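The values are calculated or read from the model by the stated rules, or taken from the named source; none is laboratory data. Quantities reported herein were computed from a predicted structural model and do not represent experimental measurements. Because the Cβ atoms are built from the backbone with ideal geometry, glycine has one as well, and the counts that use them run over all protein chains shown. Heads up: the accessible areas ignore ligands, DNA and RNA and are worked out on the full protein's heavy atoms, side chains in. Shrake-Rupley method; radii C 1.70, N 1.55, O 1.52, S 1.80 Å.
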Amino acid sequence: SRVMTAIYAYIGFNGACREAMNFYKDCLGGDLFIQTIAESPMADKFPAEMKDKVLHSSLTKGSLLLMGSDMNGPEQYSKGNNIGLSLNCSSEEEINTFFSKLSEGGKVMDPLKYQFWGAVFGAVRDKYGIGWMLNYDKNQNK
């Protein structure tokens with residue numbers, strides 16, 4: 001099943017991610033996946049007191065996808081900058097084009113590169129201050 005290009009909400013919770021995502025699961029139903037820092041290949045890059053923080057979570061139900069994390073970007077957490085847009089791309093050409101265009105006049109927060117979860121990923125804050133996370137998993141279309 002070929003994956004379509006789509007935009008999803010990605011929320012930063014600053015420590016309340018597990019509680020919040022379980023709340024949304026109670027509200028919306030679906031399947032909740034939670035990965036803590038301790039459960040990830042990045043565990044040794046973080047202080048021990050962060051090991052139980054949520055690195056990534058996703059709530060899925062049909063075409064609904066809501067993602068969240070306790071991780072904060074370089075600007076640190078504040079209500080208002082805590083929601084970004086995750087752009088799931090359908091090809092390497094598409095992610096390169098979108099990344100290039102969205103970063104014009106804005107700021108590259110994390111350059112496009114292959115990540116441990118098997119996808120090309122990068123992050124941009126556009127010229128309007130909106131945070132975008134771009135992801136392309138080349139295995140998603142198999």
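Only loop residues by DSSP count here, and only those with at most 14 other Cβ atoms within 10 Å; note down the trypsin sites (Lys or Arg not before Pro) in the stretch 1-30 that meet that. Provide the component values of the computation, followed by the final result.
On the way: sites: Arg2, Arg18, Lys25; in loops: Arg2.
Listed in order of number, the matching sites are Arg2.
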Quiz item: Sorted by accessible area (1.4 Å probe), largest first, how do Val120, Val3, Val108 line up?
Solution: Val108, Val3, Val120
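Over the chain, what is the relative contact order in percent, taking alpha-carbon pairs closer than 8 angstrom and at least six residues apart?
On the way: 265 pairs, mean separation 37.0, N = 142.
About 26 percent, as a whole number.
If you put +1 on each Lys and Arg Cβ and -1 on each Asp and Glu Cβ, how big is the dipole of the stretch 87-142 around its Cα centre, in Debye rounded to 20? Provide the component values of the computation, followed by the final result.
On the way: 7 positive and 7 negative charges, 24 e Å.
Taking the Cα centre of the stretch 87-142 as origin, the dipole is about 120 debye.
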Quiz prompt | Pair-distance profile P(r), taking every C-alpha pair of the chain, with 10 angstrom steps and integer % | solution = 11, 39, 39, 11, 0
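Among the listed pairs Lys45/Lys113; Lys101/Lys138; Lys25/Lys53; Lys53/Lys101, give every one whose C-alpha distance is greater than 29 Å. Show your work: numbers first, answer last.
Working: Lys45/Lys113 18 Å; Lys101/Lys138 21 Å; Lys25/Lys53 18 Å; Lys53/Lys101 33 Å.
Exceeds cut-off: Lys53/Lys101.
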Quiz item: Which loop-located trypsin sites (Lys or Arg not before Pro) does the stretch 92-124 contain, where loop means any DSSP state but H, G, I, E or B and the Cβ has at most 16 other Cβ atoms within 10 Å?
Solution: none
